[in-house]
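The values are calculated or read from the model by the stated rules, or taken from the named source; none is laboratory data. Keep in mind it's a predicted model, so treat the numbers as computed, not measured. Note: ideal-geometry Cβ built from the backbone for every residue, glycine included; neighbour counts use all protein chains shown. Protein only, heavy atoms only, side chains kept; ligands, DNA and RNA dropped before computing areas. Shrake-Rupley method; radii C 1.70, N 1.55, O 1.52, S 1.80 Å.
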Amino acid sequence: VVCFFPFVSPEEERKVKANDREYNEKFQYASNCIVTSKYNIVTFLPVNLFEQFQEVANTYFLFLLILQLIPQISSLSWFTTIVPLALVLSITAVKDATDDYFRHKSDNQVNNRESQVLIRGSLQNEKWMNVRVGDIIKLENNQFVAADVLLLSTSEPHGLCYIETAELDGETNMKVRQSISVTAELCDPNHLASFDGEVMCEPPNNKLDRFCGTLYWREKKYPLTNQNMLLRGCVLRNTEACYGLVIFAGPDTKLMQNSGRTKFKRTSIDRLMNTLVLWIFGFLVCMGGILAVGNAIWEKEVGFLFQSFLPWDPPVDNFLFSAFLSFWSYVIILNTVVPISLYVSVEVIRLGHSYFINWDQQMFCSQCNTAAEARTTTLNEELGQVEYIFSDKTGTLTQNIMTFNKCSINGQSYGMLNFTPLNPLADLNFCFYDEKLLESVKVGDSHTHEFFRLLSLCHTVMSEEKSEGELVYKAQSPDEGALVTAARNFGFVFRSRTPGTITTTEMGQTVTYSLLAILDFNNIRKRMSVIVRNPEGRIRLYCKGADTVLVERLQPCNQELISITSDHLNEYAADGLRTLALAYRDLSEEEWEAWSESHQFADKATDCREDRLAATYDKIEQEMILLGATAIEDKLQEGVPETIALLSLANIKIWVLTGDKQETAVNIGYSCKMLTDDMTEVFIISGHTVQSVRHELRSVFFLVQILPNLIISGEFALVISGHSLAHALEPDMEEEFLSTACACKAVICCRVTPLQKAQVVELIKKHKKAVTLAVGDGANDVSMIKSAHIGVGISGQEGIQAVLASDYSFAQFRFLQRLLLVHGRWSYLRMCRFLCYFFYKNFAFTMVHFWFGFFCGFSAQTVYDQFFITLYNIVYTSLPVLAMGMFDQDVPDQRSLEYPKLYEPGQLNLLFNKREFFICITQGIYTSVVLFFVPYAVLSDATQSNGVPLADYQSFAVTTATALVIVVSVQIALDTGFWTVFNHVFVWGSLGSFFTIMFALHSQTLFRNLPNQFHFVGSAQNTLLQPVVWLTIALATAICIVPVLAFRFLKLDLKPQLSDTVRKLKFSFYDPSVSALLSSQCVPL
């Protein structure tokens, strides 16, 4: 499928005319074809290679390959570079091609789905990619919606239809959509073919819960909202058929607008590596320059003496040009300080670490049959460096399974004793603990009945009756489902709804209410209301919402009831319960008529419609009478307090960002041990103005600075509300907020929006050189997850949006301790040890060429056989370092959890930094000095057993290469802290393969077949039979290794690290001194 998208300027307003393709095509709207793939057959090779050579390393190695193809400057064969480079490019290309093949396959599958399109008065089957803006399409039950369409009519009464939005937001609960009344009767193709309405609406955007537009038809205009839209990706359910007008197609649909690519995340080690590679390249240029200067001096002072029998090769005609060519020759020879195998090995190790996370049975949740998943392979070592965790509360720290726990009705609090079902329609899983409330319902207390009547009417729950008496509620939020279930179990059963009615069973009697209006909930209003007319004709408004917004809208006549209920609300919040206040208001017919008229006027407004509606809602939601309050329990997940306590001991700061009210969030903070009674002070910032917030922040910062000086020790926590946070995040105040918050051990932000969550994360990233991790479970956490260095998704009750946006996912928050303290710490440790050893072994290997240059007339002659140069990083030393990078560990996983302080080296970046890098290369240079000068000194005067001198180039090359492989093998044996079967096989197997391959390459057979390629015939057999050679190798090995051993023993004895001390437990379990040293670091599990 090939799709072309015309370039047009950004839209300010979209105009769509039904059944008029010619009119709509002049706006050049996008077709309904989607393309998520990156390549096609023609563009794959050039585009993929271009992308791969955006990597500095690949470009660097291509440059070296070009140099090696110039015979005048290359003393190495071209295959020493092209083979590994081609291997890396091929593996990456195959991976990219495979990924893109599946994207093409998915695109074709979607684009070739069929939909029924109304064309010239009849329905015709068209592929999705041929659907155009302005087409009218027919959808049938269980079909995916092809584009973003305006619902015109349905087969259901009142123009209703039911959809499932799992592909959009991960929620499997059905949602209701309704066509506007003026088009609801257009139910057959003949009527729809004559429909010529025009829609004017907002341009394409990614807001799933918002749509604003107007339909113009027959000289009238009708407002359109999100309730009238079916979005691409939804599935039609429980509806025989419906018709819709295509408004947005293909890339303009809200589904595709939300599928933007996630920003590529790089680790701090990656960023450091880029800097180090540039330094190494500069070092390489310096070494090449030194040797080139040496070549010029040697050619001028000494080389001319050999011109008669060893003339310069054309086109060299003077010593300066010889030096110029020598410089490039040495750049080629010395390039192995950063071999391409380094980048391949890093990716292999990261892939292995990802599989270890996926395979960890201790991070598998048997209850929901969900394993941990590493959704990226690039961030594993960053897991070992986290300093800040930003966590959602509901569904992340808690289970997001709501239970009706307590309530307050007319000043009486309930929720203590046992509950017995009252009616045959009760939910048998419902638990409540107060018989007094049950008795109050039975005796017909009017306040109690009105309380549960409100809960059965004021909601957006859908009801499905699978069989007589078997009701299934489908709620858009667990809170709402819990409240309707509570009403059901106390005898007020919600049975069904239509656009104009709500049917309930009240104490066994079926009652149908006329639904006059629904005043929607949103994060700004923080309340929801319905206006209903009962069978007797009385009109009443029922409202539920946050107590902070409801109390100010109550009649002031009963302050005592308001005060008692407020006390109950505070008690419930102190218990960590989620609270709502309930109220009602009776409306006269005249009040209703007047308000209904103003509501219709606001609803039809084309400008500022949402603000007008909000003002209208606010007008009617006044002078209400308080009924009571509800308290819903959202229990902590298993292991949350232990996990937070453990992470805090690992010096990880945890910030909770929640939409809950302050009291609930604070109590949850105490429950999960973020806040403790031992804290010196828990500061609360709740100012409503810029000045008050600034004053409160400065006061807190002052106290945080001086209190630790007045007492022995002090820990502080900060709690800040959403309206205060909005001011604190202003550019002129953000640094003050950050300084105050970072001085506290724990921070809780209440009543925050999804955008504010992301802004808090960005604030830490901007001003702190610290690794951040965000963890959440809902769509409202996606922006926070994407903003953090590492995003973790909890696969919980709120869909899969958070998981899809995350880098790692698992089922429960408690698994975070194992992800960070075990897998993260090990990944960081392994990667650091791998890099340190890799740079060491390659400097030891490469710098021998540098010293040899001073003894070969700076001729760019290599020390080693060219086959050894090719195989050194691919065969002889690749697998041992891979095994160390994959399997090494300093302490077992259980010890990592018992001693969380072991995590701190990663936070401080102690194991691989610029200092450690220079130590590694210094050791490598020292090793190269020993490996060159010890054999040179010994073999210069040594002879074979038959008296023939050993001072020849080939014997020296074999001796140096053998000593090098043995030294680096012994070094990795010392560096390996945890031996597995793989380590043994790879280390000793690589050493054995070196001798096997060397004897084979130096054999008579290969020389006879390819004499121009294999020059070292018999060298290995002849050299390694000499005792003096083995003594030389042993001496060089001892000189290289003994200082390392001595240094490590002294360091272990004089300045041990915590990991060294923990390891001693295995051997000194009953040593009192060791036990005393560790007692302060240990966490009882």
Legend entry - Computed magnitude of the charge dipole of region 669-757 (debye, nearest 20; Cβ of K, R +1, Cβ of D, E -1): 220
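Counting other C-beta atoms within 10 Å, and keeping those with at most 15, which DSSP coil trypsin sites (Lys or Arg not before Pro) do you find in region 724-768?
Values: sites: Lys745, Arg751, Lys757, Lys765, Lys766, Lys768; in loops: Lys745, Arg751, Lys768.
Qualifying residues, ordered by number: Lys768.
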Inset, instruction - Mind checking the full-extension length gain between Thr548 and Gln54? Use 0.36 nm per residue of separation minus the Cα-Cα distance, one decimal, nm. - result: 172.3 nm
Legend entry - Distance in nm between pseudo-label sites at Leu1010 and Glu730 (7 Å out along the Cβ direction from Cα): 7.5
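Calculate for the chain the 222 nm mean residue ellipticity that helices alone would give, adding -39,500 (n - 2.57) per DSSP H run of length 4 or more and normalising by residue count, nearest 500 deg cm²/dmol. Display every interim value, and only then the final one.
Numbers: 39 runs with 485 residues, N = 1085.
It lands at -14000 deg cm²/dmol.
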Legend entry - 1.4 Å probe accessible area per residue over region 11-149, in Å²: 53
Legend entry - Solution diffusion estimate, µm²/s, Stokes-Einstein, region 401-635, Kirkwood Rh from C-alpha pairs, 25 °C, viscosity 0.890 mPa s: 135
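Just need the relative contact order of the chain here, percent rounded to a whole number, with Cα pairs under 8 Å and 6+ apart. Could the numbers behind the result be given before it?
On the way: 1914 pairs, mean separation 114.6, N = 1085.
Answer for the chain is 11 percent.
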Legend entry - Degrees separating the helix 953-975 axis from the principal Cα axis of the chain, which is the longest one: 40
Legend entry - C-alpha center-to-center spacing [region 621-688, region 867-919] in angstrom: 39
Legend entry - Reachable aspartates and glutamates from Lys138, criterion Cα separation under 16 angstrom, eight or more residues apart if same chain: Glu114, Glu126, Asp148, Glu156, Glu185, Asp188, Glu240
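Can you compute the charge dipole magnitude of region 827-1062 about its Cα centre, using +1 on each Lys and Arg Cβ and -1 on each Asp and Glu Cβ, nothing else charged? Give it in debye, rounded to the nearest 20. Could you put the intermediate results ahead of the total?
Working: 11 positive and 12 negative charges, 43 e Å.
Here region 827-1062 has a charge dipole of around 200 debye.
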Legend entry - Rounded accessible area per residue of region 579-665, 1.4 Å, Å²: 41
Legend entry - Taking N as its residue count, the alpha carbon Rg of the chain over 2.2 N^0.38 Å: 1.19
Legend entry - For region 133-259: relative contact order, % (alpha-carbon pairs under 8 angstrom, 6 or more apart): 45
Inset, instruction - Among Asn489, Thr877, Met256, flag the residue with its Cα farthest along the positive direction of the charge dipole of the chain, charges on Cβ as +1 for Lys/Arg and -1 for Asp/Glu. - result: Thr877
Inset, instruction - Name the long-range amide H neighbours of Val511: under 5 Å, sequence gap of 5 or more, or other chain; modelled H, no Pro or chain starts. - result: Thr504, Thr505, Glu506
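For each pair in Lys95/Lys914; Lys393/Lys901; Lys95/Lys769; Lys38/Lys765; Lys757/Lys914; Lys207/Lys757, compute the distance between the two Cα atoms and list the pairs where it is over 29 Å. Can you show the working numbers first?
On the way: Lys95/Lys914 33 Å; Lys393/Lys901 26 Å; Lys95/Lys769 34 Å; Lys38/Lys765 31 Å; Lys757/Lys914 34 Å; Lys207/Lys757 18 Å.
Cα-Cα > 29 Å for Lys95/Lys914; Lys95/Lys769; Lys38/Lys765; Lys757/Lys914; rest within.
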Inset, instruction - Any lysines with Cα under 18 Å of the Lys1051 Cα? List them, leaving off those in the same chain fewer than 8 positions away. - result: Lys1064
Inset, instruction - Provide the packing ranking of 622-634, 683-695, i.e. peptides ordered by the mean count of other C-beta atoms within 10 Å per residue, highest first. - result: 622-634, 683-695
Inset, instruction - Apply the Debye scattering formula to region 87-186, with a single equal point scatterer on each alpha-carbon and no solvent, then give log10 I(q)/I(0) at q = 0.18, 0.20, 0.23 Å⁻¹. - result: -0.97, -1.12, -1.29
Inset, instruction - Excluding residues fewer than 8 places away in the same chain, name every one of the aspartates and glutamates whose C-alpha is closer than 12 Å to that of Lys436. - result: Asp445
Inset, instruction - Would you mind putting 526-534, 56-64, 729-737 in packing order, based on average other-beta-carbon counts within 10 Å, highest first? - result: 526-534, 56-64, 729-737
Legend entry - Of all accessible heavy-atom area on the chain, the percent that carbon and sulfur account for (1.4 Å): 58
Inset, instruction - Please work out the average accessible area per residue across region 827-1062, using the 1.4 Å probe convention, and give it in Å². - result: 41
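If I take every Cα pair under 8 Å that is 6 or more residues apart in region 829-895, average their sequence separation and divide by the length, what percent do I get for the relative contact order? Present the calculation step by step, with values, prior to reporting the outcome.
Values: 25 pairs, mean separation 37.2, N = 67.
Here the relative contact order equals 55 percent.
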Inset, instruction - Report, to the nearest 10°, how far helix 690-710 tilts away from the longest principal axis of the Cα atoms in the chain, using its own Cα long axis and a range of 0 to 90°. - result: 50
